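Trainee: I have a structure here, written as structure tokens, and I will follow up with some questions on it.
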């Protein structure tokens, strides 16, 4: 059995790994101290372009890398791609891979990410049904869009909105199907949903709310509402499931993700979790949280690099994400849960407005689209309930 040893191993080759490696290198990482083990076939890359510029063909595999290939060799970072780890031995501080490779560590960061939820209906295994999570997924969907005529997007949230936008911009006949009665109901206020609904329809996207997929035919999709849509490509964005199986089998606590504290530590010394897979204690909002956005993975990777370099502060970060759809760009900060009212600046029926969610007189979340820099700066400094 081939055995490799690293002071720190990051299990998962996504954004946590890419940004942690970058931060560690800036803090004097020594050659041979860090190993990254990834089941992916690509070096750590940025995920936002996968539903934006990469999907549109404006970015390629090299331009979305977090660090160039030469970076890892220059800093003596061990990169192990296409490597499937089958077992985590916590007491022995070992990772056992399916090909017989053994990795030993002093510190372990679990950044195994999440996988797309899949449709469970007749015909869901047809080749025209695609999902979007990895670079390979995005490349497959990008290529399929080139020849598609009628595209049906399943899901009314973040990924569904971005994919539908790209599809329509490429001239495809696009419909968007979701079970809620308005688009992105979990985040948008009714007024915001109405604006985006009108905007999308004006740009060629047909919304089909209050409907779910019942069956997928060779070139059609049958819905619960009785409607049957023509479709030679179906893109489903119905959420993700954190990849916690290895952690659970190893004996780590798993709830909505791998359970960690405000320092991103598990209950086992030397074992951390970060990114989409980590359910951490949010000290700013005073609640348990798992976040599936780019900013969180970046910040948690950087944070753990600082921790491993001697910093002792807790992880503090206001949840944040951004989106680009058609010619609109917007940003969101915070958490709307428990909001008592929402106030707007600008015209919510136009492409320039901001929304402010308030609880107990404090702003707990904010949305800004095409607004003055002063509003954006104010939105990023929320008055949080537990801060």
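Trainee: Mind checking whether some residue in segment 99-107 is within 15 Å of residue 304 (Cα to Cα) and touching a residue at least 40 places away in the same chain (Cβ under 8 Å)? Before the answer, list the steps.
Mentor: Our first condition is that a residue be within 15 Å of residue 304 (Cα to Cα); within segment 99-107, this holds for 106-107.
Then keep just the ones that are touching a residue at least 40 places away in the same chain (Cβ under 8 Å); that gives 106-107.
Yes, segment 99-107 has at least one match.
Trainee: All but one of (1) modelled with pLDDT under 95; (2) not in a loop (DSSP other than H, G, I, E, B) hold for residue 145; which doesn't?
Mentor: Here residue 145 meets the rest and fails (1).
Trainee: Could you check residue 180 against (1) free of Cβ contacts under 8 Å to residues at least 60 places away in the same chain; (2) surrounded by fewer than 18 Cβ atoms within 10 Å (Cβ to Cβ); (3) closer than 25 Å to residue 61 by Cβ and say which number it fails?
Mentor: Looking at each condition in turn, residue 180 falls short on (3).
Trainee: Return the residues of segment 272-309 that are farther than 27 Å from residue 158 by Cα and surrounded by fewer than 22 Cβ atoms within 10 Å (Cβ to Cβ); say none if nothing qualifies.
Mentor: The answer is 306, 307, 308, 309.
Trainee: Of the residues in segment 89-110, how many are more than 16 Å from residue 13 (Cβ to Cβ) and modelled with pLDDT of 95 or more?
Mentor: So the count comes out to 11.
Trainee: What number goes with the only condition from (1) outside any helix (DSSP H, G or I); (2) closer than 25 Å to residue 185 by Cα that residue 159 does not pass?
Mentor: Going through the list (1) outside any helix (DSSP H, G or I); (2) closer than 25 Å to residue 185 by Cα, residue 159 breaks only (1).
Trainee: Which of the residues spanning segment 64-97 are assigned to a loop (DSSP other than H, G, I, E, B) and more than 27 Å from the chain's Cα centre (by Cα)?
Mentor: 75, 76, 90, 91, 92, 93
Trainee: In segment 48-59, which residues are out of contact with any strand residue (DSSP E or B) (no Cβ under 8 Å at 6 or more places or on another chain) and either closer than 10 Å to residue 14 by Cβ or not in a loop (DSSP other than H, G, I, E, B) (or both)?
Mentor: Selection gives 49, 50, 51.
Trainee: Identify all residues within segment 349-374 that are within 24 Å of residue 327 (Cα to Cα) and surrounded by fewer than 17 Cβ atoms within 10 Å (Cβ to Cβ); write none if there are none.
Mentor: 349, 350, 351, 352, 370, 372, 373, 374
Trainee: Looking only at segment 98-118, count how many residues are within 26 Å of the chain's Cα centre (by Cα) and surrounded by fewer than 19 Cβ atoms within 10 Å (Cβ to Cβ).
Mentor: Residues that pass the stated criteria total 4.
Trainee: What's the total number of residues in segment 119-141 that are under 15 Å from residue 237 (Cβ atoms) and either buried (at least 16 other Cβ atoms within 10 Å of the Cβ) or outside the structural domain of residue 218 (by TED's automatic domain parsing) (or both)?
Mentor: Initial filter on segment 119-141 (under 15 Å from residue 237 (Cβ atoms)): 119, 124, 129-134, 137-138, 140-141.
Okay, now just the ones that are also either buried (at least 16 other Cβ atoms within 10 Å of the Cβ) or outside the structural domain of residue 218 (by TED's automatic domain parsing) (or both), so 119, 129-134, 137-138, 141.
Selection size over segment 119-141: 10.
Trainee: Find the residue count for segment 71-98, including only residues that are over 12 Å from residue 39 (Cβ atoms) and without any contact (Cβ under 8 Å) to a residue 24 or more places away in the chain.
Mentor: 6
Trainee: Here is a follow-up. Can you give me the ranges of the strands (runs of 3 or more DSSP E) entirely in segment 273-387 with at least 1 residues that are within 30 Å of residue 133 (Cβ to Cβ) and outside the structural domain of residue 44 (by TED's automatic domain parsing)?
Mentor: 320-325, 328-334, 353-359, 362-369
Trainee: Please verify whether segment 310-331 includes one or more residues that are over 22 Å from the mean Cα position of the chain (by Cα), touching a residue at least 60 places away in the same chain (Cβ under 8 Å) and surrounded by fewer than 18 Cβ atoms within 10 Å (Cβ to Cβ).
Mentor: no
Trainee: Let me ask another. Just checking, which of 39, 21, 17, 25 is out of contact with any helix residue (DSSP H, G or I) (no Cβ under 9 Å at 6 or more places or on another chain), within 30 Å of residue 87 (Cβ to Cβ) and outside any strand (DSSP E or B)?
Mentor: 39
Trainee: Can I ask one more? For residue 45, which of the numbered conditions (1) loosely packed, with under 13 Cβ neighbours inside 10 Å; (2) touching a strand residue (DSSP E or B) at 6+ places or on another chain (Cβ under 9 Å); (3) under 30 Å from residue 164 (Cβ atoms) fails to hold?
Mentor: The number of the failed condition is (1).
The values are calculated or read from the model by the stated rules, or taken from the named source; none is laboratory data. Remember, predicted model here, so these are calculated numbers, not experimental data. As a convention, Cβ positions derive from the backbone with ideal geometry for all residues, glycine included, and neighbour counts pool all protein chains shown.
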